[in-house]
Amino acid sequence: RISHDELTALLTGYGYKPYFVEGDDPMPMHQLMAGTFEAVVNEIRAIQKDARENGFRLRPLWPMIVLRSPKGWTGPRVVDGVQIEGTFHSHQVPVTDLDAKPERLKILEDWMKSYRPEELFDENGTLVRELAEMAPKGSRRMGANPHANGGMLLRDLRMPNFRDYAVDVPKPGAVRAEATRVLGRMLRDVMKLNQNSSNFRVFGPDETSSNRLDAIFEVTDRVSTAEILPTDEHVSPNGRVMEVLSEHMCQGWLEGYLLTGRHGLFSCYEAFIHIVDSMFNQHAKWLKVTREIPWRRPIASLNYLLTSHVWRQDHNGFSHQDPGFIDAVVNKKADIVRVYLPPDANCLLSVADHCLRSRHYVNVIVAGKQPSPQWLDMEAAVRHCTVGIGIWDWASNDQGAEPDVVMACCGDVPTLETLAAVDFLRQHLDVKIRVVNVVDLMTLQPSTEHPHGLPDRDFDSLFTADKPIVFAFHGYPWLIHRLTYRRTNHDNLHVRGYKEEGTTTTPFDMTVLNDLDRYHLAMDVID
């Protein structure tokens, strides 16, 4: 309801050239809209022609149409003395209670007849020929446009060999690395290999460098068509990294990119990915429904990389500490969602390669960016990630016997604290410990609930049927209980994780505040 001048200023400030189609008389409005459409399409074609012939020069003002018509236009104007057209009363169903108020049937009949159906359909209810022939043909039809069925245009990414970026791990814990920085070098080469096909982009809310993915800027830039200042770094109109401090805009960009047949990765601080919860939810629902439609081709998966996570917010504090996005993700259909928490850089490389090649999923990868101990050499990491869960024999001492306790871990920091607790316990107690590490969170569910779920027999072979389990988890503890509540040994499962305690403090103090540190884990075993 703002003025014409104010609305024009608003949209011009957004970078558009607005065209207004305004009124309440249908026939003049139809003519005005037809003429405006023609003018706008011609303007768009001129912009495209100039860019294709001369390359990028100046950021164009793209035309847009603003239609201002009464709400509920051409519907019933008044029902029982209440104004409908042009008011909020026209929302949803403007004529109701037809059984109780049969006089309203006349209102409904007049409304339907106002569209003169006898001029639109023949006696068989078929659209008359002269109107049917006006419809576009072939791929000019909206539903037949290949960009509306992006899987038809989708081409596999050209992928480097992820093993080429491996961290050399002579023995577990002997070296340290920044997992996402290692991944950044692989993503750089994914970008490089696919530059000619122009089908891969990285999206994020101004965090690509912060999340240690800045190797990407060796081969491309952040894209911007606005003024570029001398102080800007890695910014150009042709960049393939799309950054703006708006998570929901990044999500919308990525969804549109995937739906039209391309590939992408969304890198985000873990706590702030919650901003797109509802958008993720709708995309997951769309994937679920379209999986069941034969003519819908699968599209590239929506890949989230969540880093700068809850356990390493050293200077940002409590506001940046929330691992709960994965709780929302696992609510969706098992055929659609995958959640991975690689414990080190080599596992992250293996998982990322798998996710970038996948189709029609939502993949969530949670990984740290800070220097951390590396546990597995590349071949061991590949074997571990292929299964998604497994016993780390090198950290266990129950070989050839039943363990006294199972110590499980999922996530990089919980893995570190678990292994430190195991080392402490083995030095001071005569106790047989089995260490189980989880990369693929969905393996914890039964195979009847998720395609990646372990059968009960396999699950029991890892966690035993009756021994105590101390589980150190990256996120909220109750998620592990949700995923495992049907398992044989669930009653003996004790989970430590984030329990909404945090502040600006040291990484180790964060684990202490949430009873996830090595000493609390050791005490759980002793107790």
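The values are calculated or read from the model by the stated rules, or taken from the named source; none is laboratory data. None of these values were measured; they are calculated from a predicted model. Here the Cβ positions follow ideal geometry from the backbone for every residue, glycine too, while neighbour counts run over all protein chains shown.
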Notebook entry, point to check: So ARG486 clears everything in (1) in contact with a strand residue (DSSP E or B) (Cβ under 8 Å, 6 or more places away or on another chain); (2) buried (at least 18 other Cβ atoms within 10 Å of the Cβ); (3) not acidic (Asp, Glu) except one condition, right? Which one?
Noted result: (2)
Check: Of ARG52, ARG45, ARG59, which residue is assigned by TED's automatic domain parsing to the domain that holds SER3 and surrounded by 12 or more Cβ atoms within 10 Å (Cβ to Cβ)?
Finding: ARG59
Check: In the range 388-405, what count of residues is obtained for those that are within 33 Å of the chain's Cα centre (by Cα) and of a type in the set (A, V, I, L, M, F, W, C)?
Finding: 3
Check: Name the residues in the range 195-212 that are in contact with a Leu (Cβ under 6 Å, 6 or more places away or on another chain) and assigned to a loop (DSSP other than H, G, I, E, B), would you?
Finding: PRO205, ASP206
Item checked: Filter pass, LEU245 being under 28 Å from THR506 (Cβ atoms), in a loop (DSSP other than H, G, I, E, B) and not acidic (Asp, Glu) -> yes
Checklist line | Sole residue being on the phi > 0 side of the Ramachandran plot, in contact with a helix residue (DSSP H, G or I) (Cβ under 9 Å, 6 or more places away or on another chain) and either surrounded by 21 or more Cβ atoms within 10 Å (Cβ to Cβ) or not β-branched (Val, Ile, Thr) (or both), chosen from GLY388, GLY368, GLY400 | finding: GLY388
Check: Which one of LEU193, LEU187 is of a type in the set (A, V, I, L, M, F, W, C), touching a strand residue (DSSP E or B) at 6+ places or on another chain (Cβ under 7 Å) and either in contact (Cβ under 8 Å) with a residue 12 or more places away in the chain or surrounded by 12 or more Cβ atoms within 10 Å (Cβ to Cβ) (or both)?
Finding: LEU187
Checklist line | Boolean, ASP377 is closer than 21 Å to ASN211 by Cβ and more than 21 Å from the chain's Cα centre (by Cα) | finding: no
Margin query: Looking at (1) part of a helix (DSSP H, G or I); (2) touching a residue at least 24 places away in the same chain (Cβ under 8 Å); (3) among the basic types (Lys, Arg), which one does ARG155 not meet, given that it meets all the others?
Written below: (1)
Notebook entry, point to check: Are any residues in the range 491-523 of a type in the set (Gly, Ala, Ser) and out of contact with any Gly (no Cβ under 6 Å at 6 or more places or on another chain), and if so, which ones?
Noted result: GLY502, ALA522
Note to self: For the range 32-42, give me each residue that is of a type in the set (A, V, I, L, M, F, W, C) and surrounded by fewer than 14 Cβ atoms within 10 Å (Cβ to Cβ).
What the structure shows: ALA34, PHE37, ALA39, VAL41
Note to self: Among (1) closer than 30 Å to VAL223 by Cβ; (2) modelled with pLDDT of 95 or more, there is one condition PRO60 misses while meeting the rest; what is its number?
What the structure shows: (2)
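Name the helices (runs of 4 or more DSSP H) wholly inside the range 400-491 in which the number of residues that are farther than 24 Å from LEU306 by Cβ and touching a residue at least 12 places away in the same chain (Cβ under 8 Å) is 1 or more.
412-428, 456-463
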Checklist line | Hits in the range 296-346 (condition: over 22 Å from THR511 (Cα atoms) and among the polar types (S, T, N, Q)) | finding: SER301, ASN303, ASN331, ASN346
Note to self: Kindly evaluate LYS106 against the criterion of being out of contact with any Lys or Arg (no Cβ under 8 Å at 6 or more places or on another chain), at pLDDT 95 or above and among the charged types (D, E, K, R).
What the structure shows: no
Notebook entry, point to check: From the residues in the range 87-103 that are assigned to a loop (DSSP other than H, G, I, E, B) and within 18 Å of LYS71 (Cβ to Cβ), which one is modelled with the lowest pLDDT?
Noted result: GLN92
Check: Taking the range 259-289 on its own, how many of its residues are polar (S, T, N, Q) and touching a residue at least 40 places away in the same chain (Cβ under 8 Å)?
Finding: 3
Next item on the list: Scan the range 192-243 for residues that are closer than 21 Å to GLY55 by Cβ and of a type in the set (S, T, N, Q) and report the count.
Entry: 11
Next item on the list: Output yes when any residue across the range 195-203 is within 13 Å of the chain's Cα centre (by Cα), outside the structural domain of TRP62 (by TED's automatic domain parsing) and at negative phi, and no when none is.
Entry: yes
